[in-house]
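Contents: one structure, followed by commentary.
The values are calculated or read from the model by the stated rules, or taken from the named source; none is laboratory data. Quick caveat, the model's predicted, so the values are computed rather than measured. Here Cβ is always computed from backbone atoms with ideal geometry, including for glycine, and neighbour counts include all displayed protein chains.
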Amino acid sequence: MNNFMFYSPTCFVFGKDTENQAGALVKRFGGSRVLIHYGGGSVVRSGLLDRVKASLKAEGIAFAELGGVKPNPRSGLVYEGIRLCRDEKIDFVLAVGGGSVIDSSKAIAAGAVYDGDFWDFYSGKRIENALPVGTVLTIAAAGSEGSPDSVITREEGMLKRGASGDAIRPRFSILNPALTQTLPPFQTAAGITDIMAHLYERYLTNTKEVEVTDRLIEALLLTMIHEGPRVIADPDNYEARANIMWAGMMAHNNSCGVGRSQDWNSHNIEHELSALYDCAHGAGLAVTMPAVFTYVMKHDVMRFAQAAVRIWGCQMDFAHPEATALAGIEALRAFLISIGMPKNFAELGAKEEDIPRLVETLCRGNGRPGSISGFVTLNEDDCAAIYRMMV
Ligand code: NZQ
Ligand code: ZN
């Protein structure tokens, strides 16, 4: 196991009706003038926004509002949010929504206290300062409620990139599983896929002797395999949603990723798809992961065979471990299709003729060196071959 520092100071408040504590939590974490940031309207229709506002009013907290965050959030609204924070002397950003809303809130929070262009943070500069951020989560997926990361798409060139820094870790995150019951089944499934990707991207490691995190990841993946089909069959199943919601947080606050190298090639390859086609990130991952895993499998067949046996219950074929490894990848593919995820470019809305453009942005965009690195380093030919496997 590698040396590590794990710093995860977010206060999680979990369970039914917890959104009514938003005002008290903002106060506890020092907010007095809040920007409430939200998406395309689901929180308005569900009445959640009104409940959050009532909770702020009850604590005497002033607030401004900025809605309109799109999935795969864009830089244009971030600039607007930064201006609003400065004009209104905002001292706390409260995200009410999914990963896109949270990521946009984090970008605004970092940009509001930075003299330069906030996009610097999405071009490699680490975020050291930000307004405090809190979240009321409405979808179990991105894990942004417990992560130090934010992913934004710059309209110019449709460049989707991430930024990171402990300053944007939420001070608190309110997780009420009942709020996720209004999700369309496709979004629920896309969220499940993203959570599983966050686990797989950590499972694919070159670090030896990481039994404790291997076992944590396996437990969380087994939870998703158990609860995923239950919640798809019965969207009002609070207990299944509760287990998925907490698994989603644990999958991505890095408690399962400490002390080990991680992959993230599937995420990088997918981000080009959701940037260009505006597809759901989880849906893109459903198509990307089986292709990437099949392509890189030979790098460490036994790791994939271990996943197949421990996670998917495959029989170990000691004479042909690659057959076991492949069976595990096929089990993942079949599972994702079974919960309603797309299986190829066509179902995703992606086009084969765009592959050169996807590869160019992936491997060269924003100053990248012609390759991406993770579990294995993938050059432009590798990435083109992987995209072709998805067609
Ligand atoms: O905008 P509204 O109207 O709220 O609708 C949203 C949106 O259309 C809807 N929705 C959310 N909660 C709902 C609901 N509809 C009904 N009832 C509810 N309770 O669902 C749609 C998707 O929402 P979005 O926030 O985009 O989903 P998600 O949480 O999957 O976030 C995806 C974004 O997070 C990034 C992705 O790349 C993508 O841009 N990621 C962020 C990470 C991070 N910050 O750590 C890590 C991830 O790997 C990921 O890259
Ligand atoms: Zn993800």
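Please go through segment 262-278 and pick out each residue that is hydrophobic (A, V, I, L, M, F, W, C), more than 10 Å from ligand 1 (Cβ to nearest atom) and surrounded by fewer than 23 Cβ atoms within 10 Å (Cβ to Cβ).
Hit for segment 262-278 is LEU276, nothing else.
Is segment 310-319 home to any residue that is assigned by TED's automatic domain parsing to the domain that holds HIS198 and over 26 Å from ILE217 (Cα atoms)?
yes
How many residues are among the β-branched types (Val, Ile, Thr), assigned to a strand (DSSP E or B) and away from ligand 2 (no atom under 16 Å from the Cβ) if we restrict to segment 146-187?
1
Given ARG357, ARG388, ARG368, which one is surrounded by fewer than 16 Cβ atoms within 10 Å (Cβ to Cβ), more than 30 Å from PRO229 (Cβ to Cβ) and in contact (Cβ under 8 Å) with a residue 40 or more places away in the chain?
ARG357
I need the helices (runs of 4 or more DSSP H) fully contained in segment 196-298, keeping only those with at least 1 residues that are of a type in the set (Ser, Thr, Tyr) and within 13 Å of the chain's Cα centre (by Cα).
265-277
Between GLY328, GLY257, which is among the small types (Gly, Ala, Ser) and over 26 Å from THR138 (Cα atoms)?
Testing whether each residue is among the small types (Gly, Ala, Ser) and over 26 Å from THR138 (Cα atoms) leaves just GLY328.
Criterion first (within 15 Å of ligand 2 (Cβ to nearest atom), modelled with pLDDT of 95 or more and among the aliphatic types (A, V, I, L, M)) does ALA251 satisfy it?
yes
Looking at segment 188-221, which of its residues are within 16 Å of ligand 2 (Cβ to nearest atom) and over 17 Å from ASP263 (Cα atoms)?
THR188, ALA189, ALA190, GLY191, ILE192, LEU220
Only one residue in ARG388, ARG357 is in contact with a Leu (Cβ under 9 Å, 6 or more places away or on another chain), charged (D, E, K, R) and farther than 20 Å from GLU201 by Cβ, so which one is that?
ARG357
Residues are listed down the side, and each one gets a yes or a no for (1) within 16 Å of ligand 2 (Cβ to nearest atom); (2) at pLDDT below 95; (3) of a type in the set (A, V, I, L, M):
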site: LYS106; (1), (2), (3): yes, no, no
site: TYR114; (1), (2), (3): no, no, no
site: ASP120; (1), (2), (3): no, no, no
site: ILE127; (1), (2), (3): no, no, yes
site: THR138; (1), (2), (3): no, no, no
site: SER144; (1), (2), (3): yes, no, no
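Could you say which residue among ALA109, ALA167, ALA178, ALA130 is crowded, with 20+ Cβ neighbours inside 10 Å, in contact (Cβ under 8 Å) with a residue 40 or more places away in the chain and hydrophobic (A, V, I, L, M, F, W, C)?
From the options ALA109, ALA167, ALA178, ALA130, the qualifying one is ALA109.
Could you tell me how many of the residues in segment 307-327 are surrounded by fewer than 22 Cβ atoms within 10 Å (Cβ to Cβ) and under 25 Å from the mean Cα position of the chain (by Cα)?
2
Does LYS53 satisfy the condition of being more than 13 Å from ligand 1 (Cβ to nearest atom) and either more than 26 Å from GLY146 (Cβ to Cβ) or among the β-branched types (Val, Ile, Thr) (or both)?
no
Just the residues that are near ligand 1 (Cβ under 7 Å from one of its atoms) and more than 13 Å from SER75 (Cα to Cα), please, taken from segment 95-112.
GLY97, GLY98, GLY99, ILE102
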